[in-house]
Amino acid sequence: MKDQFSSWYASMSFQQDAALTEKRWTAIEGHVEGVAKSDLALLAKLAFRLKAQMVSSEVAALRQSLAGEAAQPGDDELILLSASALAVAMDSDEDCIAALAATVVSSMSCSGLRELKQPMDLVGMADNVLRQLSETARRRPSLEQVKLVTPTVDKNDDALVQAANSGVLLSVAQALATTTNRAISAIARRQREFEAAVQKYVNIQDEELDILWWLEGGHSFDLSLDFSKVTAGHLPLAIARELGNLTKVLPGPPALSSLLSRTGLLHAPLQSIPDVVQGMPQEWLNKAVDELPNDGISAHLTPILFAMQRRHEVHGKDDWIAAWTTTTGLPCEPLLSPIQIAAAAYREFSLTRLG
């Protein structure tokens, strides 16, 4: 990834500064460690060149963070560094960070309706990461723990040696207690990591079982109808929401498109996002919007859920569409396949619940 970043960063000028490139890379690596959803959302907003207050405190803090030990980047450079940081986050060894970053990029893309002008294909990278993690992250962890090693005191520990040389019994006891606690902490940490891995696998198994029963039953709980009897235009959002509620671990089940196709979506018509939102039953919309977290919805990160909120606010009328288009920057004319709409909405539903 470092070599790729060098080529991306070289596009900023004809003269490449190796020292500056190294500083920027180090800053990006530090920034993506333990990054949160709000941080990733800001990076994506800049990477997609959406309207952002470049003088806001959030952008100022990001500019300082990505500057590292060099001068603060200008706006164009900050946009490129933000896109690069997203790519690094999606390449993270920590599955939770990679899955979250890829889901944010996928949601921001909104099934390709938002154009990305960057030297790297972030949307393609996100699709690949989501597909790989949905398979590899679901493998059962090894249930055979490494043979337990009895904790021993390191006789060469500097603090213990110094305490022993001092001849003060209290100092020796304190140093011995410190080294013993260190060994016990290592065992406890190892046990917690193992338990977390097993718990994650159990959650995934529960999720897969729930989805299997849902598919086999072929029944929409929210609409109280079998899939085959649901109005075709209602299927994309209804299916996306129910599948999102069944998902327990990002990025969700593998082969998402194939799974969605088993619900009857292939027979649904092409629709625009405003049309599919406007066509949903008012009762379904009220329930869905009431259960959405208010702080997790935005015009840029979750445009479909944002559309649902806007329609809900005007009590089902269609005068929300023009304002939605202006706020999100998305066109309202393009027609998408039902699978595309369902997949995009599913990413948003799962992101708001699990992100």
Given a Förster distance of 22 Å, report the FRET efficiency between residue 23 and residue 94 from their Cβ-Cβ distance, rounded to the nearest 0.05. 0.40
Which sequence of 193, 33 reflects their accessible areas, 1.4 Å probe, from the largest down? 33, 193
Peptides ranked, highest mean first, by Cβ atoms within 10 Å: ranges 221-232, 252-263: 252-263, 221-232
Estimated inter-spin distance, residue 298 and residue 16, nm [label 7 Å along Cα→Cβ]: 3.3
Karplus-derived 3J(HN,Hα), 6.51/-1.76/1.60, for each residue of the range 320-333, Hz, glycine and proline x: 7, 5, 4, 5, 4, 4, 5, 6, 7, x, 9, x, 9, 8
For the ranges 315-327, 121-133, what's the packing order if you count other beta-carbon atoms within 10 Å of each residue, average per peptide, and put the highest first? 121-133, 315-327
Expressed as a rounded percentage, what relative contact order does the range 90-131 have, with Cα pairs under 8 Å and six or more residues apart? 47
To check my understanding: the extent here is largest minus smallest coordinate of the Cα atoms along each principal axis. What are those three numbers for the range 195-283, in Å, largest first? 46, 26, 25
Could you tell me the accessible area of residue 201 in Å² (1.4 Å probe, neighbours in place), rounded to the nearest ten? 50
Placing unit charges on C-beta atoms (Lys and Arg positive, Asp and Glu negative, everything else neutral), compute the dipole magnitude of the range 166-269 about its Cα centre in debye, rounded to 20. 520
Nearest-10 value in Å² for the accessible area of residue 332, using the 1.4 Å probe: 40
Label-point separation (nm) for residue 226 and residue 36, each offset 7 Å from Cα along Cα-to-Cβ? 4.8
Listed by chain and number, the residues whose amide H is under 5 Å from that of residue 271, excluding neighbours fewer than 5 places away on the same chain and using placed H, are 336
Round to the nearest 10 and give me the degree value, 0 to 90, for the angle of helix 57-67's Cα axis relative to the longest principal axis of the chain. 50
Test of understanding: express the Cα radius of gyration of the range 1-148 as a ratio to 2.2 N^0.38 Å, with N the residue count. 1.11
Figure the gain on full extension for residue 115 and residue 159 (residue separation times 0.36 nm, minus the Cα-Cα span) and round it to one decimal in nm. 10.0 nm
Label assignment, Kirkwood radius over Cα pairs in Å derived from the structure, set (i) 21.1; (ii) 20.2; (iii) 23.1: (iii)
Across the range 266-273, in residue order, what do the Karplus-derived ³J(HN,Hα) couplings come to in whole Hz, using 6.51 cos²θ - 1.76 cosθ + 1.60 with θ = phi - 60° and x for Gly and Pro? 4, 9, 7, x, 5, 8, 8, 4
Relative to 2.2 N^0.38 Å, what does the C-alpha radius of gyration of the range 291-355 come to as a ratio? Two decimals please. 1.10
Provide the FRET efficiency to the nearest 0.05 for the residue 255-residue 177 pair, computing r from the beta carbons and using R0 = 51 Å. 0.45
Carbon plus sulfur fraction of accessible area for the chain, probe 1.4 Å, in percent: 53
In whole Hz and in residue order, list the ³J(HN,Hα) couplings for the range 222-235 that follow from phi through the Karplus curve 6.51 cos²θ - 1.76 cosθ + 1.60, θ = phi - 60°; x for Gly and Pro. 5, 9, 6, 9, 5, 3, 5, 9, 6, 3, 3, x, 8, 4
Long-range amide H partners of residue 220, meaning residues 5 or more apart or on another chain whose placed amide H is closer than 5 Å, are 225, 226, 227
Which log10 I(q)/I(0) values does the range 214-332 give at q = 0.09, 0.12 Å⁻¹ under the Debye formula, counting every alpha carbon as one identical point scatterer? -0.25, -0.45
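The values are calculated or read from the model by the stated rules, or taken from the named source; none is laboratory data. Since the model is a prediction, treat every value here as computed from it, not as a measurement. In this analysis, Cβ positions are derived from the backbone assuming ideal geometry, glycine residues included, and neighbour counts consider all displayed protein chains. Just so you know, the surface numbers come from the protein's heavy atoms only, side chains and all, with ligands and any DNA or RNA stripped out. Shrake-Rupley method; radii C 1.70, N 1.55, O 1.52, S 1.80 Å.
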